[in-house]
Amino acid sequence: MNITHIEHIGIAVENMEEAIAYYENVLGLKCYAIEEVADQKVKTAFFMVGQTKVELLESTSPEGPIGKFIENRGPGLHHLAFAVSDVAQSLQKAEAKGMRLIDKAPRQGAEGLKIGFLHPKSTLGVLTELCGKK
Ligand code: ZN
């Protein structure tokens with residue numbers, strides 16, 4: 001696996017407007033994109049911090065993964081995303097090393113990137129996303 005940097009940190013929020021206000025007014029960051037990923041029943045908002053992004057995630061349905069996460073654990077840190085050069089190959093390598101995968105093959109994420117998740121049971125409790133252009 002060839003990780004180049006932390007691509008983003010995913011944070012589950014209950015109220016997107018309130019969350020954006022905090023990141024903009026208190027932290028002084030600027031939201032540069034809001035995007036809905038219908039597939040994941042989620043609305044995302046992005047902030048750039050150096051070469052790393054903060055990705056806010058608000059559920060569009062209580063049945064979605066973020067809705068369930070908030071119901072079980074409350075809002076807060078949700079996942080860590082590493083940038084890799086080849087998501088498919090990285091998922092295969094992780095599986096070969098005994099990792100449990102949530103995604104056997106890359107799928108389409110926000111910002112036109114390919115993404116794939118490793119299961120937190122295999123990654124010491126941290127939901128881990130791999131993402132990249134291919
Ligand atoms: Zn993510």
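The values are calculated or read from the model by the stated rules, or taken from the named source; none is laboratory data. Keep in mind that this is a model prediction, so the values were computed, not measured. As a convention, Cβ positions derive from the backbone with ideal geometry for all residues, glycine included, and neighbour counts pool all protein chains shown. Accessible surface areas use protein heavy atoms only, side chains included; no ligands, DNA or RNA. Shrake-Rupley method; radii C 1.70, N 1.55, O 1.52, S 1.80 Å.
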I34 vs (1) free of Cβ contacts under 8 Å to residues at least 24 places away in the same chain; (2) assigned to a helix (DSSP H, G or I); (3) within 16 Å of the chain's Cα centre (by Cα): all pass except (2)
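Of L57, L80, L91, which residue is closer than 18 Å to V126 by Cα, within 16 Å of the ligand (Cβ to nearest atom) and touching a helix residue (DSSP H, G or I) at 6+ places or on another chain (Cβ under 6 Å)?
Sole residue among the options that is closer than 18 Å to V126 by Cα, within 16 Å of the ligand (Cβ to nearest atom) and touching a helix residue (DSSP H, G or I) at 6+ places or on another chain (Cβ under 6 Å): L57.
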Query - Test result for T52, within 22 Å of L113 (Cα to Cα), hydroxyl-bearing (S, T, Y) and free of Cβ contacts under 8 Å to residues at least 60 places away in the same chain - result: yes
Those residues of region 35-54 which are in contact with a helix residue (DSSP H, G or I) (Cβ under 8 Å, 6 or more places away or on another chain) and either more than 10 Å from the ligand (Cβ to nearest atom) or under 17 Å from E18 (Cα atoms) (or both) amount to E35, K41, V42, K43, T44, A45, F46, F47, V54
Apart from one, (1) more than 14 Å from E129 (Cα to Cα); (2) open to solvent by 20 Å² or more (accessible area, probe 1.4 Å); (3) touching a residue at least 24 places away in the same chain (Cβ under 8 Å); (4) part of a strand (DSSP E or B) all hold for T44; the odd one out is (2)
Reported set for region 87-106 where residues are under 17 Å from the mean Cα position of the chain (by Cα) and assigned to a loop (DSSP other than H, G, I, E, B) is I102, D103, K104, A105, P106
Within region 68-86, residues closer than 16 Å to I3 by Cβ, assigned to a loop (DSSP other than H, G, I, E, B) and either among the hydrophobic types (A, V, I, L, M, F, W, C) or open to solvent by less than 40 Å² (accessible area, probe 1.4 Å) (or both) come out as D86
